[in-house]
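The values are calculated or read from the model by the stated rules, or taken from the named source; none is laboratory data. Since we're looking at a predicted model, the values are computed, not measured. Positions of Cβ are backbone-derived with ideal geometry, glycine not excepted, and every protein chain shown enters the neighbour counts. Protein only, heavy atoms only, side chains kept; ligands, DNA and RNA dropped before computing areas. Shrake-Rupley method; radii C 1.70, N 1.55, O 1.52, S 1.80 Å.
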Amino acid sequence: MAECTIPNMTTADVVESKSVLPAGFKADMANLKGLDLTTPVLELIRRTSTRMPQDIIDALVKGRDAEEEGSRAFNTLNDMVKNILLADGHVTPLCQDTGTVLFWVRHPYGVSQKAVKAQVREAVKEATKKVWLRPNCVESLSGKNSGNNMDPFHEGHPILHFEEWDKPEIEISLMLKGGGCENVGAQYRLPDVTIGAGRDIKGVRKAIIDAVVKAQGQGCSPGILGVAIGGDRVSGYEHSKEQILRKLGVPNPDPKMDAFEKEIVADLNTLGIGPMGYGGNTTVLGVHMEEMYRHPASFYVSISYMCWSSRRRTMTISSMGEVSFD
Amino acid sequence: MIRLTTPITEAQARQLKVGDEVLLNGKVVLSRDMGHKYMKEHKPEWLKPILEGIVIYHCGPVVKKNEDGTWSFVAAGPTTSIREEPYQADVIDTYQVRGVIGKGGMGKKTSEGLVKTGAVYLHATGGAGSLLAAQVKRVVDVHMLEEFGSPEAFWVIEVEDFPVVVTMDSHGGSLHEAVLATAQERAKALMEK
């Protein structure tokens, strides 16, 4: 029988000692025109690719301990925890699929998006050299790998979302989203007669259940679902992905959605799909929903499936230039 | 727990049943999307001695080139196997492969191929990149690296006690089919709620 792994991660000072940021590093926030975020972004990639967020670890351990000891579901969840500790200790990628590289940048007035984009691209190239990222960018038809995670012609990868805000700090969130889980995402157009889903919350529920059944273990369950109700085809998927950035256990600000999330998680965990589709009680770790507005004629339910290895992290650069990671 | 070392004979493969836990040893060859399309469409002869009796691993590793020119695997978990469904049965038959490691399971065509040729589908834990890379003892060789890129190349590796579970066997059994049927049944009840 597999021994029960206790998730002791390396301490903050050890993580700090392995940082690519020089000790006492401060970004020059007084001179936004000359601001260089290349090294902080490289450190953000290192931490995201090799260190699992604590809320995900806690959820995996909770799931494991709810499975029957010695069962395949229990052992699989235990292996996931072991893997997290190994990657953390070795500072190597948690998963060989370091995914599509997605950034969300929120910044005050005066930050050049063009400059930040160029710096992020440099950091991604460097992280690929340091094997924290696998070269995951191939020309669609020929399959030719660019080798450095760059889409050289259209700059479509890495993916960057920018938003100017009123706060003085810069916040950059990063998500590494594997191809296997991206492939099991789904968009439903309600009404959908094939699953008997109408244009109401019951219909949304049916769409989510259907997507999870179809995904089975192929998205590396237990998954985390980001769901957007409404929007157009593009904004719906975009918002569904952003929902995955929310930490597990943080309530939805919309009480109606929060209640729905809790109920659907409990329901989905009775499907018996379990970790990796082996069977078991842990099929999803969380479902995060957002209700958007929509065109009267359109009713989309966009579902992004994130694998259990939910690699996401947020870096904040304060107005004083101090860099912190969460 | 069953310990198996490649090359595997047809008789050994046929003894395995859904649910068997296997520790795999010996040579394993990595191949995924580009490799499978290439094997089915071109049936390259040069791969025959490399693949006979061997296990194919659906995996696109994170690799590191060492200073002495050798390679190391840094992260190497399985990729989703169902994408190889159009090719897998033919590949197994052409090259007399005795096993396929992947995640998520495969469909009917592959299942029939496993029965016909005498081979098994072996499931590894998806996302366990570090854990599984630790069981890779040596990178023996690599083919088509330039043409396919590192995630898609034919990496020949040697593994030691690589942990997998038989989820599809050569008797038509499939854990994935069973789990899907249960989930569909349950989903029906949930949707009526």
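I'd like the distance separating the alpha-carbon centroids of the stretch B:25-88 and the stretch A:1-55, in whole Å.
For the stretch B:25-88 versus the stretch A:1-55, the Cα centre distance is 33 Å.
Of all accessible surface on the stretch A:180-306 at a 1.4 Å probe, what whole percent is carbon and sulfur?
Percent of accessible area from carbon and sulfur atoms in the stretch A:180-306: 56.
Leaving out ligands and nucleic acids, note down the accessible area per residue over the stretch B:81-176 with a 1.4 angstrom probe, in whole Å².
29 Å²
What is the interface area between chains A and B, defined as buried accessible area summed over both chains with a 1.4 Å probe, reported in Å² to the nearest 100?
Separately minus together, A and B give about 3500 Å² buried.
Quick one: Cα convex hull volume of the protein assembly as shown, Å³ per residue?
Given the Cα convex hull of the protein assembly as shown, per-residue volume reads 152 Å³.
Which residue, B:Ala178, B:Ala75, B:Ala128, tops the fluctuation ranking in a GNM of chain B built on C-alpha contacts under 10 Å?
Per the Cα network of chain B with a 10 Å cutoff, B:Ala178 tops the list.
Of the peptides B:41-51, A:207-217, A:312-322, how do they stack up when ordered by the mean number of other Cβ atoms within 10 Å, highest first?
Per-residue Cβ counts within 10 Å, averaged per peptide and sorted highest first, yield A:207-217, A:312-322, B:41-51.
Working from Cα positions, state the angle (0 to 90°, nearest 10) between the long axis of helix A:54-66 and the longest principal axis of chain A.
Here the helix axis deviates by roughly 30 degrees.
Averaged over peptide A:274-282, how many Cβ atoms belonging to another chain are found within 10 Å of each residue's Cβ?
5
When you look at the Cβ of every residue in B:139-148, what mean number of other chain Cβ atoms sits within 10 Å?
Per residue, the average neighbour count from other chains is 1.
Treating the angle as unsigned and between 0 and 90°, give the value, to the nearest 10°, between the Cα long axis of helix A:201-215 and the longest Cα principal axis of chain A.
The two axes meet at around 80 degrees.
Any aspartates and glutamates with Cα under 13 Å of the B:Lys65 Cα? List them, leaving off those in the same chain fewer than 8 positions away.
Partners within reach: B:Asp141.
Do any cysteines in chain A lack another Cys Cβ under 4.7 Å, and if so which?
If one checks each Cβ against the other cysteines of chain A, A:Cys4, A:Cys95, A:Cys137 turn up with nothing under 4.7 Å.
For chain A, set up a GNM with springs between Cα atoms under 10 Å and report which of A:Asp258, A:Asp151, A:Asp13 has the largest fluctuation.
Of A:Asp258, A:Asp151, A:Asp13, the Gaussian network model singles out A:Asp13 as fluctuating most.
Just counting partner chain Cβ atoms within 10 Å, what average do the residues of peptide A:92-104 show around their Cβ?
Mean partner-chain Cβ count within 10 Å for A:92-104: 5.
Which percentage, to the nearest 5, of the DSSP beta bridges contained in chain A is antiparallel?
Expressed as a percentage, antiparallel bridges in chain A total about 70.
Given Cβ point charges of +1 (Lys, Arg) and -1 (Asp, Glu) and nothing else, what value in debye, to the nearest 20, does the dipole of the stretch B:2-192 about its Cα centre take?
With Lys and Arg at +1 and Asp and Glu at -1, about 240 debye.
For the protein assembly as shown, what does -39500 (n - 2.57) per DSSP helix run (n ≥ 4), summed and divided by total residues, give at 222 nm, in deg cm²/dmol to the nearest 500?
Computed ellipticity for the protein assembly as shown at 222 nm equals -10500 deg cm²/dmol.
Per-residue counts of other Cβ atoms within 10 Å, averaged by peptide: what ranking do you get for A:98-104, A:197-203, highest first?
With the highest mean Cβ count within 10 Å placed first, the list reads A:98-104, A:197-203.
Please determine, in degrees from 0 to 90 and to the nearest 10, the orientation of helix B:85-95 with respect to the longest principal axis defined by the Cα atoms of chain B, where the helix direction is its Cα long axis.
Computed tilt is about 60 degrees.
Taking the alpha-carbon centroid of each part, what is the distance from the stretch B:138-193 to the stretch A:150-198 in angstrom?
Taking the Cα centre of each part, the stretch B:138-193 and the stretch A:150-198 sit 26 Å apart.
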